[in-house]
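In what follows, a single structure is set out as structure tokens and then discussed.
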Amino acid sequence: MLIIYTDGACFGNPGPMGIGVVVYKDGKKVLEISEYAGEGTNNIAEYLALIRALETAKKIGEKEVHIKTDSQLLACQINGEYKVKNAKLKPLKAKVDGLMFGMKVKVEHVEREKNEEADELSKRAVSL
């Protein structure tokens with residue numbers, strides 16, 4: 001099983017976005033991703049980080065993933081607790097659902113202090 005921390009950053013909201021992803025396997029960090037993600041909103045950046053994390057898990061061949069995010073909105077939408085009302089988030093949610101098909105995925109909301117590595121990577125991607 002992979003444990004993956006994700007975060008999206010946006011400067012301006014809307015504005016330039018970055019994503020940060022930190023992948024752990026068997027308690028060891030195996031991958032860090034810090035990527036510029038274009039222009040958009042903070043919520044879009046959070047979804048793009050999750051999509052990148054799920055794509056990475058599939059590429060590795062992992063079928064069980066525990067995602068940790070400091071975005072309560074993202075976690076609650078993915079877990080079905082909140083509806084996705086924003087038209088720009090609906091296709092991103094559909095992409096997440098497609099990526100999760102055939103996988104066992106847990107998405108957990110964590111406090112920002114427990115997501116510092118992904119947060120730093122997402123901010124670094126925008127400032128490059």
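The values are calculated or read from the model by the stated rules, or taken from the named source; none is laboratory data. Keep in mind it's a predicted model, so treat the numbers as computed, not measured. When we count neighbours, we look across all protein chains shown, and the Cβ atoms used for this are built from the backbone with ideal geometry, even at glycine.
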* Asked: So, in the range 59-82, of the ones that are among the hydrophobic types (A, V, I, L, M, F, W, C) and touching a residue at least 60 places away in the same chain (Cβ under 8 Å), which residue ends up nearest to Met103 (Cα to Cα)?
  -> Val65
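Here are some residues: Lys123, Lys104, Lys85. Which one is out of contact with any Ser or Thr (no Cβ under 6 Å at 6 or more places or on another chain) and closer than 13 Å to Gly8 by Cβ?
On the way: Lys104 fails: closer than 13 Å to Gly8 by Cβ; Lys85 fails: closer than 13 Å to Gly8 by Cβ.
Checking each option against the conditions leaves just Lys123.
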* Asked: When you look at Lys85, is it part of a loop (DSSP other than H, G, I, E, B) and either touching a strand residue (DSSP E or B) at 6+ places or on another chain (Cβ under 6 Å) or modelled with pLDDT of 95 or more (or both), yes or no?
  -> yes
* Structure fact -> Per the filter on the range 59-83, residues in contact with a helix residue (DSSP H, G or I) (Cβ under 7 Å, 6 or more places away or on another chain) and either buried (at least 17 other Cβ atoms within 10 Å of the Cβ) or under 22 Å from Leu2 (Cα atoms) (or both) are Val65, Ile67, Lys68, Thr69, Asp70, Ser71, Leu73, Leu74, Gln77, Ile78
* Structure fact -> Residue hits (the range 49-76; over 15 Å from Glu108 (Cα atoms) and not β-branched (Val, Ile, Thr)) are Arg52, Glu55, Ala57, Lys58, Lys59, Gly61, Glu62, Lys63
* **Odd one out for Glu117 among (1) among the acidic types (Asp, Glu); (2) touching a residue at least 60 places away in the same chain (Cβ under 8 Å); (3) crowded, with 20+ Cβ neighbours inside 10 Å; (4) touching a Gly at 6+ places or on another chain (Cβ under 8 Å)** => (3)
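Restricting to the range 84-98, count the residues that are closer than 18 Å to Glu108 by Cβ and surrounded by 14 or more Cβ atoms within 10 Å (Cβ to Cβ).
Of all residues in the range 84-98, those closer than 18 Å to Glu108 by Cβ come to 93, 96-97.
Checking the rest, the ones that are also surrounded by 14 or more Cβ atoms within 10 Å (Cβ to Cβ) come to 93, 96.
Summing the residues that are closer than 18 Å to Glu108 by Cβ and surrounded by 14 or more Cβ atoms within 10 Å (Cβ to Cβ) in the range 84-98 gives 2.
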* Boolean, Glu111 is within 22 Å of Gly40 (Cα to Cα), over 13 Å from the mean Cα position of the chain (by Cα) and touching a residue at least 40 places away in the same chain (Cβ under 8 Å) -> no
* Asked: What are the residues in the range 25-49 that are farther than 18 Å from Gly12 by Cα and surrounded by fewer than 18 Cβ atoms within 10 Å (Cβ to Cβ), if any?
  -> Lys25, Asp26, Gly27, Lys28, Lys29, Val30, Leu31, Glu32
